[in-house]
1. Please determine whether any residue of the range 70-90 is buried (at least 17 other Cβ atoms within 10 Å of the Cβ), under 25 Å from PHE161 (Cα atoms) and basic (Lys, Arg).
2. Just checking, how many residues over the range 157-194 are open to solvent by less than 30 Å² (accessible area, probe 1.4 Å), touching a strand residue (DSSP E or B) at 6+ places or on another chain (Cβ under 6 Å) and farther than 15 Å from PRO100 by Cα?
3. What about PRO32, is it at pLDDT 80 or above and under 24 Å from ASN164 (Cβ atoms)?
4. Which one is modelled with the highest pLDDT, of the residues in the range 8-21 that are crowded, with 17+ Cβ neighbours inside 10 Å and out of contact with any Pro (no Cβ under 9 Å at 6 or more places or on another chain)?
5. Tell me, please, whether a residue that is at pLDDT below 85 and either under 20 Å from ALA172 (Cβ atoms) or not aliphatic (A, V, I, L, M) (or both) can be found in the range 112-135.
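The values are calculated or read from the model by the stated rules, or taken from the named source; none is laboratory data. What you see is a predicted model, and the numbers here were worked out from it, not measured in a lab. Quick reminder, even Gly has a Cβ in these numbers, built from the backbone with ideal geometry, and neighbours come from all protein chains shown. Calculation scope for accessible area: heavy atoms of the full protein, side chains included, ligands and nucleic acids excluded. Shrake-Rupley method; radii C 1.70, N 1.55, O 1.52, S 1.80 Å.
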Amino acid sequence: PGLINAASQLSLFEISGLEQTRDHAELARFQPDLRTTSAIDPFSEHVAVARAEGITTAAVLPTGGIVSGRGSLVQLDGWSMPEMLREGEIGLVVSLPSLPARLPAEDRAKAIDRLAAAWEEIERYFDRAVHFSEAQPGVLPRDLGHEAMTPYLRAEKKVLFRANSYKDILQAVRFAEHYGLRAVILGGGEAWKV
């Protein structure tokens, strides 16, 4: 028996102040082809500490961007990645943008414009990915990002939406319904309101 950390960046970074040891986030806004299994360090000191605190299993999820990549499920007992790995792809992590709850009036117009531009970019990306997933193999040029999106757009695998507020949860659910995604709410602090 042990505790499960259902959403962590365990072993994806060693020293938070040292950029060379941080593999939890990439710079690009859309990175569905990234998998945390390639960055997990079984020898990280954080793994030993988590194990000593009673955590035996962890969902290791990427951060950064809008489509962050694909998370993995690991058991913290093992000397190598094959020994630790329970599931290589537990879901695609997506963070949809939204306006903050409290926004000064003078910043509101600019924030709304930035949000609208971000949503246009997201919809364009997902529409292109849908088009790619529906095309016959070999018709379109190879695209690793769109190929990685295909099982999620076909609802074969889960999409993990980072959403805590009531508004963000509703937004994620509506977005998932629009694209026919198998949605899982990651966080869900105000889920009781929905």
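1. yes
2. The qualifying residues number 7.
3. yes
4. The initial filter retains those residues of the range 8-21 that are crowded, with 17+ Cβ neighbours inside 10 Å, namely 8-13.
Of the ones still in play, those that are also out of contact with any Pro (no Cβ under 9 Å at 6 or more places or on another chain) are 8, 10, 13.
Numbers: SER8: 84, LEU10: 81, PHE13: 65.
The selected residue is SER8.
5. Taking the range 112-135 and keeping what is at pLDDT below 85, we get 135.
The next check asks that each one be either under 20 Å from ALA172 (Cβ atoms) or not aliphatic (A, V, I, L, M) (or both); those that pass are none.
No.
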